[in-house]
1. Filter the stretch 287-346 down to residues that are polar (S, T, N, Q), open to solvent by less than 70 Å² (accessible area, probe 1.4 Å) and farther than 18 Å from E251 by Cα, then give me how many there are.
2. Mind listing whichever residues of the stretch 77-112 are among the basic types (K, R) and open to solvent by 50 Å² or more (accessible area, probe 1.4 Å)?
3. Find the residue count for the stretch 211-230, including only residues that are in contact with a Phe, Trp or Tyr (Cβ under 9 Å, 6 or more places away or on another chain) and either open to solvent by less than 30 Å² (accessible area, probe 1.4 Å) or aromatic (F, W, Y) (or both).
4. Which condition number in (1) among the aliphatic types (A, V, I, L, M); (2) touching a strand residue (DSSP E or B) at 6+ places or on another chain (Cβ under 6 Å); (3) part of a helix (DSSP H, G or I) is the one that L333 fails?
5. Only residues in the stretch 112-133 that are of a type outside the set (A, V, I, L, M) count as the first member; pair them with residues that are open to solvent by 40 Å² or more (accessible area, probe 1.4 Å) and not in a helix (DSSP H, G or I), Cβ under 8 angstrom, at least 6 apart or cross-chain, and list the lot.
6. Report, by residue number, each residue of the stretch 269-284 that is open to solvent by 50 Å² or more (accessible area, probe 1.4 Å), of a type in the set (D, E, K, R) and either under 45 Å from the mean Cα position of the chain (by Cα) or modelled with pLDDT of 95 or more (or both).
7. Could you count how many residues in the stretch 134-177 are of a type in the set (D, E), without any contact (Cβ under 8 Å) to a residue 60 or more places away in the chain and in contact with a Ser or Thr (Cβ under 6 Å, 6 or more places away or on another chain)?
8. Hey, does the stretch 162-173 have a residue that's within 22 Å of L371 (Cβ to Cβ), open to solvent by 80 Å² or more (accessible area, probe 1.4 Å), in a helix (DSSP H, G or I) and touching a helix residue (DSSP H, G or I) at 6+ places or on another chain (Cβ under 7 Å)?
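The values are calculated or read from the model by the stated rules, or taken from the named source; none is laboratory data. Since the structure is predicted, the reported quantities are computational estimates derived from the model, not experimental observations. Don't worry about glycine lacking a Cβ; one is built from the backbone with ideal geometry, like all the others, and counts go over all protein chains shown. Each accessible area value is taken on the protein alone, full model and side chains, heavy atoms only, with ligands, DNA and RNA left out. Shrake-Rupley method; radii C 1.70, N 1.55, O 1.52, S 1.80 Å.
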Amino acid sequence: MRCCLLGLALALGIPAVALAQPPAPDPHPYFEQQTLAGGPLTLESALSLTASHNASLAAARKEVEALQGAITQAGLLPNPDVSIRMEDTRRDARTTIAEFGIPIELGGKRSARIDAAERARGVAIADLTLARANIRAATVSAFFNVLMAQEDVRLTQGAVEVAARAEDVATRRVASGKVAPLEETRARVERANADLALGQSKAVLESARVSLSALWGASAPQFSEAVGDLESLPERSPISTLLAQLDNSPELIVGRMEIERRQATVQLERSRQYPDIRITAGAQRDYALGRNQAIVGLSIPLPIFNRNQGNLYEATVRADQAEDQLQATRIRLGQELQQAASRLVFAKAAASTLRLSVLPGAQQAYEVATLGFEAGKFSFLDVLDAQRTLFQARLRYLSNLADTYQAAIAIDRILGR
């Protein structure tokens with residue numbers, strides 16, 4: 001149960017400003033030096049490290065850089081060619097011909113190629129923006145997984161201390177003959193369970209630390225602890241305002257850029273319907289006549305069978321497909337945005353109720369049961385029941401806080417904040 005709750009608790013105490021404004025990559029490895037030194041890790045430093053060293057972002061940047069070469073290649077003119085041939089091999093009867101050929105592109109092929117390459121690079125840039133938003137959300141999630149796991153370890157250590165105290169009280173009461181030895185056995189079992197839970201919590205914390213460090217390529221965690229606010233709840237705009245900002249979503253921008261790229265591909269395939277011509281100029285030496293002759297030629301392919309109609313049809317359908325995909329993405333993101341906004345409102349209300357009403361009551365009930373057990377008014381089962389109720393309330397509170405920040409992170413990921 002504890003592991004499931006920890007899996008939900010990924011985002012306690014994230015500042016609203018940190019979610020709304022992605023940091024620019026730091027050209028100086030200050031934060032890296034800080035974490036390598038084993039100091040505390042803040043959300044801002046984690047985001048800076050990820051933006052500078054994440055392998056997926058580096059690959060996306062390389063894709064943008066590589067497509068600049070495609071634009072350069074698209075703008076190049078076709079190469080001319082030189083041909084030399086000989087008719088007859090007898091010296092007195094042979095004819096030698098030398099030609100220089102220049103292919104000439106018609107139909108605007110070169111400009112269409114350049115436009116298609118530029119649109120492809122635009123898609124890569126939009127993909128890079130989307131990757132940054134997704135990596136940022138993953139970093140925030142991983143950071144608060146660590147923060148949440150640290151809090152769980154702290155709570156579990158408290159449970160171990162409480163169990164040790166209860167065991168000591170039960171041992172003394174059994175020794176004095178006030179309770180049966182069964183109470184001491186129960187206390188020892190509860191102490192053992194608390195020790196096991198602490199070991200499990202520490203393992204979850206270490207796994208969360210490794211997952212966070214992996215986002216910037218570190219082989220092992222090199223920070224002492226994650227530092228963040230566990231109580232501050234995020235604020236987001238009403239759903240109507242959020243939906244009005246949906247068009248700025250990086251995923252929708254990628255979809256629109258993909259439509260433009262496919263439309264440019266349609267124009268490229270349409271330009272290929274026009275055949276290219278080839279102009280040749282040269283000279284031939286007729287050894288039998290003992291004279292040179294000029295040669296001028298023009299080659300024009302006849303588009304009788306192949307008019308590139310299949311490629312044009314495919315490109316046209318794929319352009320229509322991209323529009324359908326964009327519409328489907330818009331609908332999906334709108335639903336996800338509304339669901340995240342609803343989750344945020346509900347989780348915030350539940351967390352406030354738990355903090356103001358349930359937790360104080362559970363704490364008071366536990367303290368009364370503990371004091372009553374020490375005074376001989378309650379059994380150890382009453383203490384265990386109050387203790388479990390208190391820790392379940394704390395875990396439920398942390399889970400609702402996690403749901404609150406999960407929803408906020410989902411909103412910011414969709415809108416590209």
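1. Residues in the stretch 287-346 being polar (S, T, N, Q), open to solvent by less than 70 Å² (accessible area, probe 1.4 Å) and farther than 18 Å from E251 by Cα: 4 in total.
2. R85, R90, R91, R110
3. Within the stretch 211-230, residues that are in contact with a Phe, Trp or Tyr (Cβ under 9 Å, 6 or more places away or on another chain) and either open to solvent by less than 30 Å² (accessible area, probe 1.4 Å) or aromatic (F, W, Y) (or both) number 3.
4. (2)
5. R132/P22
6. Answer for the stretch 269-284, where residues must be open to solvent by 50 Å² or more (accessible area, probe 1.4 Å), of a type in the set (D, E, K, R) and either under 45 Å from the mean Cα position of the chain (by Cα) or modelled with pLDDT of 95 or more (or both): R270, R272.
7. Going through the stretch 134-177 one residue at a time, the tally reaches 0.
8. There is no residue in the stretch 162-173 that is within 22 Å of L371 (Cβ to Cβ), open to solvent by 80 Å² or more (accessible area, probe 1.4 Å), in a helix (DSSP H, G or I) and touching a helix residue (DSSP H, G or I) at 6+ places or on another chain (Cβ under 7 Å).
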